[in-house]
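Please read the structure below before turning to the comments.
The values are calculated or read from the model by the stated rules, or taken from the named source; none is laboratory data. Please read all numbers here as calculations on a predicted model, not as lab measurements. FYI the Cβ positions are ideal-geometry reconstructions off the backbone, even for glycines, and counts take in every protein chain you see. These accessible areas exclude ligands, DNA and RNA; they are computed on the full protein's heavy atoms, side chains included. Shrake-Rupley method; radii C 1.70, N 1.55, O 1.52, S 1.80 Å.
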Amino acid sequence: MNVPGKAQIRLLFRNNRFLIFSTLFVAFTLLGGALVYHRFDAGPLHLDPRLLAPQNLVLCAALLLVYFAADGLRLYYTVRALGHRVPLPMLVRLVFVNIFVSNITPMATGGGVVQVWYLRHAGVPLGTAAAATTIRTTLAVLVIFSLTPVFLLSMDFLTQALNWSTRLTLYLVTFIAAYLGVLAVAIFRSRWLLVPVSRLLQLAARLHLMREPRARRLRFRLCRELVLLHRGFLDFLSGRGGARLLAVLFTLIFLLSLFSFPAVLLHALGYDLDYLQVIGIQTVTTFVMYFAPTPGASGIAEGAFAHFFSNLVAPGHVLLVTFCWRLLTIYLGMFIGFLILKRDAIQVLAWRSGRDV
């Protein structure tokens with residue numbers, strides 16, 4: 001049975017943190033929606049019937065199909081580049097379970113972990129599974145972090161919406177460049193970071209900022225992640241050329257489809273916005289979401305999205321477009337992922353109980 005074991009299922013569904021994070025996601029989402037309404041909308045709430053026109057529903061459904069398929073295929077070809085295969089039916093679980101778990105854990109930390117569990121039970125070795133999920137995420141990060149400075153420096157309305165000076169924008173660009181530089185060192189010269197990380201944690205323990213056992217555990221985990229990232233990327237870059245190119249291609253298709261949902265919604269409502277402008281807003285919004293401490297960037301994602309689009313969308317449509325954007329890109333996938341996890345939990349527990357009889 002290609003589902004996680006009993007211990008993992010119990011961890012997901014019987015751990016209090018699961019309930020806490022789920023509650024926080026709902027609470028921050030509602031709070032973000034309320035702030036969007038009072039700050040940017042403050043008009044009568046109603047569903048514009050143009051969104052339900054058959055041609056618009058078909059377009060949204062087609063874009064959803066591309067979005068979910070590209071999300072699964074970017075991981076599939078990453079695993080293929082590392083020399084292993086994933087059954088195509090397993091991709092459905094991998095896509096939707098990742099959407100659900102990553103959006104109820106802070107900084108989207110849980111999605112990759114649960115995907116590793118599923119990949120392990122699909123026959124992929126642990127190291128390969130961990131490397132594949134890390135590489136899949138890193139490819140998207142590289143695209144988003146590389147494009148964010150480009151859009152900020154070329155689209156004045158973004159810096160005006162942020163109320164940033166040119167100097168602050170340059171500071172952000174410098175930070176992104178430094179971040180990408182450190183990431184490059186972690187990928188290609190991980191040993192350069194192992195020594196300073198170890199010494200920094202030793203210093204923290206010596207200054208009693210953390211206990212020595214905790215410092216040792218954290219040092220071990222960080223070093224393990226750096227080694228896995230380094231080896232995984234080397235294996236990826238030396239792997240099957242076609243699979244590597246397809247992993248990058250489907251990453252780009254995934255991001256483009258993700259960023260296209262607001263353009264489809266606004267077109268349905270009669271707005272004639274520059275498509276590149278929408279892509280720029282979505283890129284910067286996603287960049288902001290990477291640093292949001294709330295589960296799935298809930299609340300912050302809605303606020304950032306509404307802030308950027310508030311000057312382009314008429315009052316009465318801001319909250320509507322914000323909600324529909326999150327519904328299509330997050331809420332729908334989370335609901336499907338929850339149903340899959342719940343079904344797998346029932347199957348695993350019933351199977352285990354039958355074995356124990």
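The residues listed here are T134, T128, T78, T105; of these, the one that is among the polar types (S, T, N, Q) and in contact with a strand residue (DSSP E or B) (Cβ under 7 Å, 6 or more places away or on another chain) is T105. Pairs are defined by a Cβ separation below 6 Å, a sequence spacing of at least 6 or placement on different chains, a first member in segment 50-72 that is closer than 16 Å to L266 by Cβ, and a second member that is of a type in the set (D, E); no pair meets this definition.
Conditions (1) within 20 Å of the chain's Cα centre (by Cα); (2) within 26 Å of G33 (Cα to Cα), marked per residue:
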site	(1), (2)
L207	no, no
R221	no, no
L252	yes, no
L255	yes, yes
P262	yes, yes
L266	no, yes
G280	yes, yes
A301	yes, yes
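Based on this model, can you work out whether Y77 counts as modelled with pLDDT under 90 and aromatic (F, W, Y)? Here the answer is no, as Y77 does not meet what is asked. Residue count for segment 259-293 satisfying the condition of being open to solvent by less than 30 Å² (accessible area, probe 1.4 Å) and within 19 Å of A61 (Cα to Cα): 10.
Among the criteria (1) outside any helix (DSSP H, G or I); (2) touching a residue at least 60 places away in the same chain (Cβ under 8 Å); (3) open to solvent by 30 Å² or more (accessible area, probe 1.4 Å), the one I104 does not fulfil is (3). Right, V321: touching a residue at least 12 places away in the same chain (Cβ under 8 Å), buried (at least 23 other Cβ atoms within 10 Å of the Cβ) and not in a helix (DSSP H, G or I) or not? Criteria not met by V321. For segment 209-251, a residue qualifies if it is open to solvent by less than 60 Å² (accessible area, probe 1.4 Å) and among the basic types (K, R), and exactly one does: R219.
Once segment 253-290 is narrowed to residues that are part of a loop (DSSP other than H, G, I, E, B) and touching a residue at least 12 places away in the same chain (Cβ under 8 Å), the residue that is farthest from C324 (Cα to Cα) is Y290.
Just so you know, in segment 43-99 the residues that are of a type in the set (D, E, K, R) and open to solvent by less than 60 Å² (accessible area, probe 1.4 Å) include one that is nearest to the chain's Cα centre (by Cα), and it is D71.
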